[in-house]
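The values are calculated or read from the model by the stated rules, or taken from the named source; none is laboratory data. Computed from a prediction, not measured in an experiment: that's the story for all the values here. Cβ: placed from backbone, ideal geometry, glycine included. Neighbour counts: every protein chain shown. In case anyone asks, the SASA skips ligands and DNA or RNA and just uses the protein heavy atoms, side chains included. Shrake-Rupley method; radii C 1.70, N 1.55, O 1.52, S 1.80 Å.
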Amino acid sequence: NDFLKDAIFNPYTWRCIMRIAHARKENMQQIDEVHGGAGSILFDRVFEREDFATDWSFIHAASLLPGGGIGHHRHEHCEEIFVTVDNAAQFTHNGRTTEVVGPAAVPLRTGETHGIYNHTDRETRWYNFHVVLPGKGSDSTDLGDDRADAELESAERLPVGRLDRKLLKYSRSHGGRGEIGAHMVWQSQDFRTNFGFLGLALLPPDTSVGYHRHDTLEECYIILQGSGRMTVDDETAEVFPGDVIPNRLGGSHGLYNHTHEELEILVVAVTQEKGKLDATNLGDELAKR
């Protein structure tokens, strides 16, 4: 059909059919002076607003090159979470700057100024999760400052959420197999938009997030380390680091670690109504998928 024909010639459409976006360096393009920032970054539009039914505006992935970053700017009608996956970067929040060593997640609420700069001699992997206020569109105002020479302050003065495995608490997840570790880094009350949460999860070998669905929120699973078998709407595929899997409204999903290594993921959610979460477990550990 016409949609399939378009998918064959359009890699972005094709990966949406497969439900998995691959946020990897080979997919990225180099762009310069983002929001007036210093140097260059490698950048990939993982998912955009048309891919979601909620107020999720986009998910972007980037590799911040040494001496590259995103300039000082603000949004009045939208909020973001900057996630530094590894290495480090200098992060600016409301004019204050500190070194953020990954993995860490920093929230940017409406009206708060922010920017990021890679001061190291190595690339820094990074994600941006972006949500708009209900009924609003995405906006941005650049402030003409690349923050390359910003004076550093204590990290205690900025909102930095650590993706720290020491904070994990273990329990069964959605009727899944065994117990997995989970930690909520940021939750609904930390935002003005309908961000639901950003959490870290760790699946030991032979454990799973059981098969379930949400009717009032959308999630994305981001594979940080390890591999597993992700099932979405009865389709199962193996997933690897850098894979981003959207779980849309009413869709069924779960994840099983079939390997002998730990599987570490980020889970990010956006709700239809602020603070309203739901889940229906479907009685499948997914170990036989």
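Can you name the residue in the range 1-52 that is surrounded by fewer than 18 Cβ atoms within 10 Å (Cβ to Cβ) and of a type in the set (Val, Ile, Thr) and is also modelled with the highest pLDDT among such residues?
Among residues in the range 1-52 that are surrounded by fewer than 18 Cβ atoms within 10 Å (Cβ to Cβ) and of a type in the set (Val, Ile, Thr), the one modelled with the highest pLDDT is 31.
Based on this model, can you work out whether residue 80 counts as of a type in the set (Asp, Glu) and open to solvent by less than 20 Å² (accessible area, probe 1.4 Å)?
Spelling it out, residue 80 is indeed of a type in the set (Asp, Glu) and open to solvent by less than 20 Å² (accessible area, probe 1.4 Å).
Residue 208 - would you say it is more than 18 Å from the chain's Cα centre (by Cα) and closer than 17 Å to residue 266 by Cα?
Spelling it out, residue 208 is indeed more than 18 Å from the chain's Cα centre (by Cα) and closer than 17 Å to residue 266 by Cα.
Got a number for residues in the range 102-117 being in contact with a Leu (Cβ under 6 Å, 6 or more places away or on another chain) and either open to solvent by 30 Å² or more (accessible area, probe 1.4 Å) or of a type in the set (Phe, Trp, Tyr) (or both)?
Qualifying residue count, the range 102-117: 1.
Six or more apart or on different chains, Cβ under 6 Å: which pairs go from a residue in the range 269-285 that's within 23 Å of residue 244 (Cα to Cα) to one that's at pLDDT 95 or above and exposed (fewer than 14 other Cβ atoms within 10 Å of the Cβ)? Could you list them?
Sorted first by the residue in the range 269-285, then by its partner, the pairs are 278/215.
Tell me which residues, restricted to the range 71-97, are among the β-branched types (Val, Ile, Thr) and out of contact with any Asp or Glu (no Cβ under 9 Å at 6 or more places or on another chain).
81, 83, 84, 85
Check the range 95-109 and report whether any residue there is more than 20 Å from residue 147 (Cβ to Cβ) and at pLDDT 95 or above.
Yes, there is a match, as at least one residue in the range 95-109 is more than 20 Å from residue 147 (Cβ to Cβ) and at pLDDT 95 or above.
Any residue in the range 145-164 that is charged (D, E, K, R) sitting within a Cβ distance under 7 Å of a residue that is open to solvent by 50 Å² or more (accessible area, probe 1.4 Å)? List the pairs, counting only those 6 or more apart or interchain.
Taking only residues 6 or more apart or on different chains, the pairs are 153/96; 157/96.
Which numbered condition trips up residue 88, out of (1) touching a Gly at 6+ places or on another chain (Cβ under 6 Å); (2) of a type in the set (A, V, I, L, M, F, W, C); (3) open to solvent by less than 10 Å² (accessible area, probe 1.4 Å)?
(1)
Check 141, 124, 120 and return the single one that is surrounded by fewer than 14 Cβ atoms within 10 Å (Cβ to Cβ) and either at pLDDT 95 or above or more than 23 Å from residue 241 (Cα to Cα) (or both).
141
What are the residue pairs meeting all of these: first residue in the range 57-78, first residue among the polar types (S, T, N, Q), second residue surrounded by fewer than 19 Cβ atoms within 10 Å (Cβ to Cβ), Cβ atoms under 6 Å, and 6 or more apart or on different chains?
Every condition considered, the pairs that remain are 57/49; 57/138; 63/25; 63/123.
When residues of the range 153-169 are filtered for being open to solvent by 50 Å² or more (accessible area, probe 1.4 Å) and either part of a helix (DSSP H, G or I) or touching a helix residue (DSSP H, G or I) at 6+ places or on another chain (Cβ under 6 Å) (or both), how many remain?
5
Just wondering, is there one or more residues in the range 60-69 that are at pLDDT 95 or above, under 20 Å from the mean Cα position of the chain (by Cα) and open to solvent by 10 Å² or more (accessible area, probe 1.4 Å)?
The answer is yes; a qualifying residue exists.
Among the residues of the range 253-268, count how many are under 19 Å from the mean Cα position of the chain (by Cα) and in contact (Cβ under 8 Å) with a residue 60 or more places away in the chain.
Of the residues in that region, 7 qualify.
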